[in-house]
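The values are calculated or read from the model by the stated rules, or taken from the named source; none is laboratory data. This structure is a prediction, so every number in the text was calculated from the model and none was measured. Cβ coordinates were reconstructed from backbone atoms using ideal geometry, including for glycine residues, and neighbour counts include every protein chain displayed. The accessibility values were calculated without ligands, DNA or RNA, using every heavy atom of the protein model including side chains. Shrake-Rupley method; radii C 1.70, N 1.55, O 1.52, S 1.80 Å.
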Amino acid sequence: MNEPKTTCASPELSDQIPPHPAGLDYIFRNWGVLNREQRIRLTEQVAEIDFDRIRALHQATDGPTSEVADLGKASAPGRLIPRDIRRDNPGEFATAREIGWQALREGRVAIILVAGGEGSRLGFPHPKGQFPIGPVSGKSLYQMLVEQALAMSRRSGKVIPYYVMTSDSTHEETMAFFRVHSFFGYDAANLHFFSQGKMPAVDQRTGNVIMSAHDRIAFAPDGHGGLLNAMRTARLFDDLRSRNIETIFYHQVDNPLVRVCDPAFLGFHQIHRAEVSTKVVSKEEPDEKVGLLVEMEDRHRIIEYSDLPADLAAQRDASGQLKLRCGNIAVHLFNVDFLERMAEQDLPFHRSSKSVAFVNDSGEVVQSTENNAFKFEKFIFDILPHAQRPVAMEVVREHEFVPLKNSHGDHSPDHVRQSLMRLHTRWMQQAGWTTEESLPVEIPASVALDETDFIAHCGQTSRSNPPPAE
Ligand code: UTP
């Protein structure tokens, strides 16, 4: 929770229910059957919650949405690096790339991975980052991401500090997983784990916090926007400053195709003196469920697909493409100064309707078959409208974006593995190798980071030119 208000007296361990604000009797209704440890736990949990705020969030009619005031004014981002820039303007692309490499070589870039989500749609009983996604290697998402960072760090000759945000739901297991795998070869001194805040789930009808056991309140992580508070609490800004870091590469745990610290992206960010840059993919169909990056009054903002009126979603420009088509893939660059400024502000909470298990009077845990609860989350993209000179860079979806979200169908493990194999098979074919479409293919980050890289190091004509030493 953010700046929790202490609303309950210090732990009272007698049979007497401790003093508490009016309206919270239901939380203590099983006090008599709790042992000492359970009483302490419950009292501490209550003290962490700002009940006035929870009440206000529950009562807010639709919950705060994307702060989109007047969608009619939304247009495609002005500073948009086009998808085919590498082919159409190789000089400009090469310049940006070199500027990005320079920032990496000078150690001015760090990485933040947000990995605090509960991954409920996937239904994997561990942190999502531990999911074995490598189609041939069975490597976890964590390993695939860290290996990219490692490859970038080795090629630039400079350490890239890596910060991993976890939550109560993922912290312990994530730490143990990294330890058991020797941090996947990353220098442990440059790998930092910090935990985000949490919010209680509340009953949709009553606004009461949901009890997951007689002595436990059902908490959930406070959203990826909880990053800012978490960074402040963990004093990460001091650490970033002491390392002279200027730019953060932000990414999520579920997309193994993400191009960690893409030098061209870094370069354009710097050329435009942007405070925030965002990678986007082209949205093809009006009803596609992807958040849109738009520009309004020279500022960027994300419109959630649920907030986009159907007529606006369907508007097309003269070329026949959707007018608003920049799908947000949650890959950003943030200037450290900007993030620090934003960490002083309070981002709004968004309310979402979920099914949350609760304990009944007999002490049984019941999983609701319907959405019985509201969860409250902050979204990192709510900081975008505050950023000056924002930049968007369009990339090819099949090359850079296939998030693991669901247990079946779209964005399921099968879908993600197939997409990875298709991409790597293509790299091999472009490099002049014949491959059987049906054979599983996976190219590790230590060998190549993208198609051009693969062709340069492993192409048929460059067999004497091995991949850079790792
Ligand atoms: P999602 O919004 O897809 O949520 O997170 P999720 O938790 O992974 O999955 P569901 O919705 O429960 O099925 C996108 C990214 O934001 C991180 C996730 O770990 C993922 O990298 N995240 C999300 C956090 O770090 N903290 C949060 O509170 C929520």
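Could you list, in sequence order, the residues of segment 199-208 that are open to solvent by 10 Å² or more (accessible area, probe 1.4 Å) and part of a strand (DSSP E or B)?
Result: D203, single match.
Could you check, for segment 406-416, whether at least one of its residues is surrounded by 14 or more Cβ atoms within 10 Å (Cβ to Cβ), at positive phi and out of contact with any helix residue (DSSP H, G or I) (no Cβ under 6 Å at 6 or more places or on another chain)?
yes
Which of the residues spanning segment 422-445 are among the polar types (S, T, N, Q) and surrounded by fewer than 16 Cβ atoms within 10 Å (Cβ to Cβ)?
Taking segment 422-445 and keeping what is among the polar types (S, T, N, Q), we get 425, 429-430, 434-435, 438.
Selection gives Q429, Q430, T434, T435, S438.
Scan segment 158-198 residue by residue and report those that are charged (D, E, K, R) and part of a helix (DSSP H, G or I).
Selection gives E172, E173, R179.
Looking at S352, S368, S362, can you tell me which residue is in a strand (DSSP E or B) and modelled with pLDDT under 95?
S352
What number of residues in segment 20-45 are exposed (fewer than 12 other Cβ atoms within 10 Å of the Cβ), of a type outside the set (D, E, K, R) and part of a helix (DSSP H, G or I)?
2
Take E172 and tell me if it is in contact with a Ser or Thr (Cβ under 9 Å, 6 or more places away or on another chain), at pLDDT 95 or above, open to solvent by 30 Å² or more (accessible area, probe 1.4 Å) and under 30 Å from F51 (Cα atoms).
yes
What about A213, is it within 16 Å of the ligand (Cβ to nearest atom), open to solvent by 10 Å² or more (accessible area, probe 1.4 Å) and over 17 Å from the mean Cα position of the chain (by Cα)?
Details: within 16 Å of the ligand (Cβ to nearest atom): no; open to solvent by 10 Å² or more (accessible area, probe 1.4 Å): yes; over 17 Å from the mean Cα position of the chain (by Cα): yes.
Spelling it out, it is not the case that A213 is within 16 Å of the ligand (Cβ to nearest atom), open to solvent by 10 Å² or more (accessible area, probe 1.4 Å) and over 17 Å from the mean Cα position of the chain (by Cα).
Quick one: in segment 143-187, of everything that is in contact with a Lys or Arg (Cβ under 9 Å, 6 or more places away or on another chain) and acidic (D, E), which residue is nearest to the ligand (Cβ to nearest atom)?
Selected residue: D168.
Kindly provide the set of residues from segment 241-260 that are in contact (Cβ under 8 Å) with a residue 60 or more places away in the chain, of a type outside the set (F, W, Y) and more than 14 Å from V395 (Cβ to Cβ), ordered by number.
If the condition is that a residue be in contact (Cβ under 8 Å) with a residue 60 or more places away in the chain, of a type outside the set (F, W, Y) and more than 14 Å from V395 (Cβ to Cβ), then R241, R243, N244, I245, E246, T247, I248, Q252, V253, D254, P256 are the ones that fit.
Scan segment 188-204 residue by residue and report those that are more than 12 Å from the ligand (Cβ to nearest atom) and either under 16 Å from D50 (Cβ atoms) or at pLDDT below 95 (or both).
A188, A189, P200, A201, V202
Select from segment 119-135 the residues that are within 16 Å of the ligand (Cβ to nearest atom) and open to solvent by 40 Å² or more (accessible area, probe 1.4 Å) and list them in ascending order.
S120, R121, G123, F124, P125, H126
For segment 393-432, enumerate the residues that are farther than 25 Å from A264 by Cα, more than 16 Å from the ligand (Cβ to nearest atom) and in a loop (DSSP other than H, G, I, E, B).
Correct list: G432 only.
Do we have S319 as in a loop (DSSP other than H, G, I, E, B) and either among the small types (G, A, S) or within 26 Å of the chain's Cα centre (by Cα) (or both) here?
Yes.
With the condition kept exactly as written, say whether any residue in segment 103-118 is open to solvent by 10 Å² or more (accessible area, probe 1.4 Å), within 16 Å of the ligand (Cβ to nearest atom) and closer than 14 Å to P413 by Cβ.
no
Among the candidates A234, A220, A230, which residue alone is within 16 Å of the ligand (Cβ to nearest atom) and within 28 Å of W31 (Cβ to Cβ)?
Result: A220 is the single residue among A234, A220, A230 that is within 16 Å of the ligand (Cβ to nearest atom) and within 28 Å of W31 (Cβ to Cβ).
In the set L312, L333, L293, L308, which member is within 22 Å of Q148 (Cα to Cα) and touching a Leu at 6+ places or on another chain (Cβ under 9 Å)?
Step by step, each of L312, L333, L293, L308 is checked, and only L333 is within 22 Å of Q148 (Cα to Cα) and touching a Leu at 6+ places or on another chain (Cβ under 9 Å).
Those residues that are over 19 Å from the mean Cα position of the chain (by Cα) and surrounded by 20 or more Cβ atoms within 10 Å (Cβ to Cβ), I need them from segment 373-389; list them, please.
If the condition is that a residue be over 19 Å from the mean Cα position of the chain (by Cα) and surrounded by 20 or more Cβ atoms within 10 Å (Cβ to Cβ), then A373, F374 are the ones that fit.
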